[in-house]
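Structure, as structure tokens:
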Amino acid sequence: MPAEAAAPGAPPAASPPAREAFPARPVTRTSGSLSRRMILIAATWITLLLTGGGLALDSVLSVAVTRNFDEQLEYVMFSLLTSAEIGPDGEVILNREPADQRFLEPYSGLYWQISAPGKEDFPSRSLWDRRLAFGVRHDKLDVHVYDSSQFSGEKLRVMERDVRLPMSKVRWRFQVAQSRDGLDAQIRVLRRTLFRSFLLLAIGLIAMAALQTWYGLRPLTKLRHEIARMRAGRSSAVAGTMPAEVAPMVEELNALIDHNDRQAEEARRHAGNLAHALKTPLTVIMNAATAGADDLAETVVREARTMRRQVDHHLARARAVGRRGSAHSRADVWASLESVERAVSRLYRHVRIDTDGPKGLHVHVERQDLDEMLGNLIENAAKYGGGSVFITVAAQAGFVEFQIEDDGGGIPEEDRMRIFDRGVRLDTGKPGTGLGLAIVRDVAEIYEGTVSLEESEDLGGLLARLRLPAAT
């Protein structure tokens, strides 16, 4: 069925208000992949090391191959020197030709030549119509080795030495040359083998580094999955075994989660205490307003003042949660005890309060929280006792223990745990909110202390035992 048309001139229907959008969860900015960073660093370092090592090894092996090549030329040079002599015509002759067959083959790539200024060159048959360049005169009679390109299309490795033969007045130059083709081919094979070997080694090392990175960072992936399980509500802590390097972080994370859970529970407890404390004043105001009481204004002011005290009190308790375990939390035991004793003595003038213990003790508690706990316990002892309160302070194994005893009727053993619940009062004939002992327990637990109720052996009434961590 079609919708009814809007009347002419009628204002357009107001569109429904848009739903308030939930704020988007901030996206975590990343600085790149940790795995990729580690693999890149490893690959760069491996490449640099293998490149440097390969160049150094190539240099060493190339020198070794070249030296071996030169030693062969030197052997031929030594053979020429030992077999050379001066003939009757003053020219050099060899009494024994070198045995290598290549010296007899034209352009074979292996040559020798003996020459001197003003003398006819004495070459090997392999030179055929070519001659080795004489070059410059050497002042020293040492062996000289160099590369030469004097023959077109053929690079030579030349070894030469100037020698003065017996019965000769001139210096003869003995030269042995060999084509570098064989030497260069050996060096190329050597470098190709080195490159392939080092490339394969680099690939293997980088693959091993990648595998090591993947395997080494697996616990972080497992940790991320465990945290996701916690966020989904399928677990309450990070479980499972972790490597020694990750285990401390997991322990701290679990401790943080437990700390947050305790804070949330304490917040709920404080909210319940506050709700219970406000319930009675609100009921009084509502009843007075319903009945049209003449003193309604006074009742509202009085009960509002009570509610304000309760709100301030529980806000202070909430702040105490944030100070848990603070190394700066420190209170002088005796100063706090004397302050509370003076305040309670003015309220209950008929009560005698005695104290005993060392004067130099300190606790890891904020001063106002210590006053709050001692005030509740000592006031209860004065209010419900028979007129005598005895307080003992002592240091015990890292804690300071307070014992507050009275000579009243005490509390039955079956009610000593229930009395710590908020709102529970065993004696409703005296004013109170039923929050005193609950607050003492909550604040003591915030500072990792304890409170318990027992029977006093000396005075016969109740003994409240409060233990708080000592400060050195």
Exercise for review: Go through the residues of the stretch 426-447 one by one and say whether even a single one is closer than 30 Å to HIS276 by Cα and at pLDDT 90 or above.
Suggested key: no
The residue from ARG67, ARG29 that alone is of a type in the set (Lys, Arg) and assigned to a loop (DSSP other than H, G, I, E, B) is ARG29
Q.
Among the residues of the stretch 186-208, are any aromatic (Phe, Trp, Tyr), in the same structural domain as ALA84 (by TED's automatic domain parsing) and touching a Gly at 6+ places or on another chain (Cβ under 8 Å)?
A. yes
Taking the stretch 108-129 and keeping residues surrounded by fewer than 14 Cβ atoms within 10 Å (Cβ to Cβ) and either modelled with pLDDT under 90 or touching a strand residue (DSSP E or B) at 6+ places or on another chain (Cβ under 9 Å) (or both) leaves PRO117, GLY118, GLU120
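Restricting the search to the stretch 244-274, which residues are over 30 Å from PRO219 (Cα atoms) and surrounded by 13 or more Cβ atoms within 10 Å (Cβ to Cβ)?
Across the stretch 244-274, the qualifying residues are GLU266, ALA267, ARG269, HIS270, GLY272, ASN273, LEU274.
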task = Look at GLU245 and say whether it is outside any helix (DSSP H, G or I), without any contact (Cβ under 8 Å) to a residue 12 or more places away in the chain and either of a type in the set (Asp, Glu) or out of contact with any helix residue (DSSP H, G or I) (no Cβ under 9 Å at 6 or more places or on another chain) (or both).
result = yes
Filtering the stretch 195-240 down to residues that are in contact (Cβ under 8 Å) with a residue 60 or more places away in the chain and not in a helix (DSSP H, G or I) yields LEU217
Per the list (1) on the phi < 0 side of the Ramachandran plot; (2) free of Cβ contacts under 8 Å to residues at least 40 places away in the same chain, residue check on ASN273 breaks on (2)
**Asked** Does GLU154 meet the test of being among the acidic types (Asp, Glu) and either outside the structural domain of VAL76 (by TED's automatic domain parsing) or at pLDDT 90 or above (or both)?
**Response** yes
Over the stretch 379-416, the set of residues free of Cβ contacts under 8 Å to residues at least 12 places away in the same chain and in a loop (DSSP other than H, G, I, E, B) is ALA397, PRO412
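The values are calculated or read from the model by the stated rules, or taken from the named source; none is laboratory data. None of these values were measured; they are calculated from a predicted model. Every residue, glycine as well, gets a Cβ built from its backbone with ideal geometry; the counts of neighbours run over all protein chains shown.
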